[in-house]
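Presented below is the structure to which this report refers.
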Amino acid sequence: MPKKPGQLVSFDLKRPPGFSEPLFGLDAESLSKLLVEAGEPAFRGDQLAEAMYRQWLSEIAEISTLPLPLRSRLAAEGWRIGRPAISRAFQSVDGTERYLIEFAGTGQKNQTAETVWMPEGDGGEASEESDSETKDWSRATICVSSQIGCAVNCQFCLTAKLGLQRNLTAGEIAGQVVAVLDRHAVRVGRERVNLVFMGMGEPFLNYDNFMAAVRLLVCEVGLSPRRMTVSTSGIVPGIERFAEEPLDVRPRLAISLNAPNDAIRGEIMPINRKWPISEVIAAVRRVPLRPRERITFEYVLLGGVTDRPEHAREVARLVRRSGLPAKVNLIAWNPGPDFAYSMPSPEAVAAFHQLLMREEIPATIRQPRGRDIFAACGQLKRTVEG
Ligand code: SAH
Ligand code: SF4
């Protein structure tokens, strides 16, 4: 590695004492820039990216493609990979796992987020078969958090009760995925893994970091954006930005509709008073779709509140009038403490589904996963009881 002595000086950039910076989250280009700044050839940045995002190494010391002196210097300078780590795992009887994820260097309480692993998919986002024969799962879905807590305050959601603690960085969002892929030794490109950005938080209120994470996952980790779905409560400026994203890095879109009209939606989702259904749909219509791509409308069934037959007919009309190629994903409300809501009866769920189908609106029922470990939709609140 030819290096002039002068370049070493520029490597010792003035770092404050105790400086400790995660490399995880920087793309190959930024890593190369950093290493060039350090007097190293640019390809060292690509090697670093390869090690973190393809080989899933989590310590600089393990990166055998980098010369030992460089590894030591990076570490001495305070750099570390700093990938988010699974600090606790809770296993459900149905195979679902819920993880508490700890972020490098935060060292503070209330700084964990949650990520969920669902073998066999979740019934709502799933499609074809996989070729895997060696694992006890043939496909899986990872549910990813974008913020710690959430500011949107949907009345039926447990995450809302945390309030917004903070945005996650791109590295912290993508790192959840890599930590879980690593845990399950997933063979990217060969085994079928779907990502849903439906964990804690509102991705479109942390738009830049969310999309930077998607780009890392697509360009560096090698996952396909067609197998990613982002769910939003209907943040119109976010949907408008999303419409501008190039298709090669744009996940699929799901909208949390959750109610048949503005009156009910405004009650259960206060955000509807800012961006009512018509404005959300107008923004969604500006998203250029891939051939055969559909928009998903998620619909949480709250007993007595949103689960009646007249609601189903109204949803069918609303979806039809939107003119969007769409499907409805029904989610029976998952209960939590201190809610005035009740679960819908299984009969109400089935009837709602049938009514939509009869109106020729494609609809699926999302099977609740990991309820026993508080891993199901809307239950993510860092519950430590397993
Ligand atoms: N903030 C985003 C994504 C995370 S919430 C959004 O709201 O879309 C993911 C899904 O879980 C949303 O469709 C939301 O309506 C649903 N959800 C929230 N709380 C729920 C609960 N207690 N039971 C069932 N679904 C719930
Ligand atoms: Fe936030 Fe989504 Fe929960 Fe609403 S449903 S409070 S947007 S996480």
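The values are calculated or read from the model by the stated rules, or taken from the named source; none is laboratory data. Everything numeric here is computed off the predicted structure, so don't read it as measured data. Positions of Cβ are backbone-derived with ideal geometry, glycine not excepted, and every protein chain shown enters the neighbour counts. Note: accessible area is taken over every heavy atom of the protein model, side chains too, but ligands, DNA and RNA are not part of it. Shrake-Rupley method; radii C 1.70, N 1.55, O 1.52, S 1.80 Å.
Per-residue answers, yes or no, for (1) touching a helix residue (DSSP H, G or I) at 6+ places or on another chain (Cβ under 9 Å); (2) touching a residue at least 40 places away in the same chain (Cβ under 8 Å):
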{"site": "Val280", "(1), (2)": "yes, yes"}
{"site": "Thr296", "(1), (2)": "no, yes"}
{"site": "Val305", "(1), (2)": "yes, yes"}
{"site": "Leu330", "(1), (2)": "yes, no"}
{"site": "Asn334", "(1), (2)": "yes, yes"}
{"site": "Phe339", "(1), (2)": "no, yes"}
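Please work out which residue is nearest to Arg187 (Cα to Cα), limiting yourself to the range 27-82 and to residues that are open to solvent by 30 Å² or more (accessible area, probe 1.4 Å) and among the β-branched types (Val, Ile, Thr).
Thr65
Scan the range 133-191 residue by residue and report those that are of a type in the set (S, T, N, Q) and more than 16 Å from ligand 2 (Cβ to nearest atom).
Thr134, Ser138, Thr141, Thr169
Being open to solvent by 10 Å² or more (accessible area, probe 1.4 Å), in contact with a helix residue (DSSP H, G or I) (Cβ under 8 Å, 6 or more places away or on another chain) and either free of Cβ contacts under 8 Å to residues at least 40 places away in the same chain or farther than 19 Å from Asn153 by Cα (or both) is the filter here, so list the residues in the range 253-265 that pass it.
Selection gives Asp262 alone.
Of everything in the range 198-212, what is within 11 Å of ligand 1 (Cβ to nearest atom), open to solvent by 30 Å² or more (accessible area, probe 1.4 Å) and touching a residue at least 60 places away in the same chain (Cβ under 8 Å)? Give them in sequence order.
Met198, the sole residue that qualifies.
With the range 87-158 as the region, which strands (runs of 3 or more DSSP E) entirely inside it contain at least 1 residues that are modelled with pLDDT of 90 or more and over 15 Å from the mean Cα position of the chain (by Cα)?
Here the list reads 97-102, 113-119, 139-143.
Go through the range 236-269 and count every residue that is of a type in the set (D, E, K, R) and under 18 Å from Gly304 (Cβ atoms).
The total comes to 2.
Mind checking whether some residue in the range 316-329 is basic (Lys, Arg) and modelled with pLDDT under 95?
Taking every residue of the range 316-329 in turn, none turns out to be basic (Lys, Arg) and modelled with pLDDT under 95.
Run down Val249, Val230, Val287 and say which single residue is open to solvent by less than 20 Å² (accessible area, probe 1.4 Å), in contact with a strand residue (DSSP E or B) (Cβ under 7 Å, 6 or more places away or on another chain) and more than 19 Å from Val152 (Cβ to Cβ).
Going through Val249, Val230, Val287 in turn, just one is open to solvent by less than 20 Å² (accessible area, probe 1.4 Å), in contact with a strand residue (DSSP E or B) (Cβ under 7 Å, 6 or more places away or on another chain) and more than 19 Å from Val152 (Cβ to Cβ): Val287.
For the range 317-342, how many residues are closer than 10 Å to Leu356 by Cα and more than 28 Å from the chain's Cα centre (by Cα)?
So the count comes out to 1.
It is to be established whether one or more residues within the range 221-230 are over 27 Å from Gln367 (Cβ atoms), touching a residue at least 12 places away in the same chain (Cβ under 8 Å) and β-branched (Val, Ile, Thr).
yes
Spot the failing condition for Gly199; the list is (1) closer than 18 Å to Val287 by Cβ; (2) touching a strand residue (DSSP E or B) at 6+ places or on another chain (Cβ under 8 Å); (3) within 16 Å of ligand 2 (Cβ to nearest atom), and only one is missed.
(1)
Just one of the numbered conditions (1) within 18 Å of the chain's Cα centre (by Cα); (2) of a type in the set (A, V, I, L, M, F, W, C); (3) more than 12 Å from ligand 1 (Cβ to nearest atom) is not true of Ile235; which one?
Result: Ile235 fails condition (3) only.
Tell me the residue from Arg241, Arg265 that is in a helix (DSSP H, G or I), over 17 Å from the mean Cα position of the chain (by Cα) and within 14 Å of ligand 1 (Cβ to nearest atom), please. Outline the logic, then answer.
On the way: Arg241 fails: within 14 Å of ligand 1 (Cβ to nearest atom).
That would be Arg265, the only listed residue that is in a helix (DSSP H, G or I), over 17 Å from the mean Cα position of the chain (by Cα) and within 14 Å of ligand 1 (Cβ to nearest atom).
Taking only the range 356-384 into account, find how many residues are open to solvent by 20 Å² or more (accessible area, probe 1.4 Å), of a type in the set (A, V, I, L, M, F, W, C) and at pLDDT 95 or above.
2
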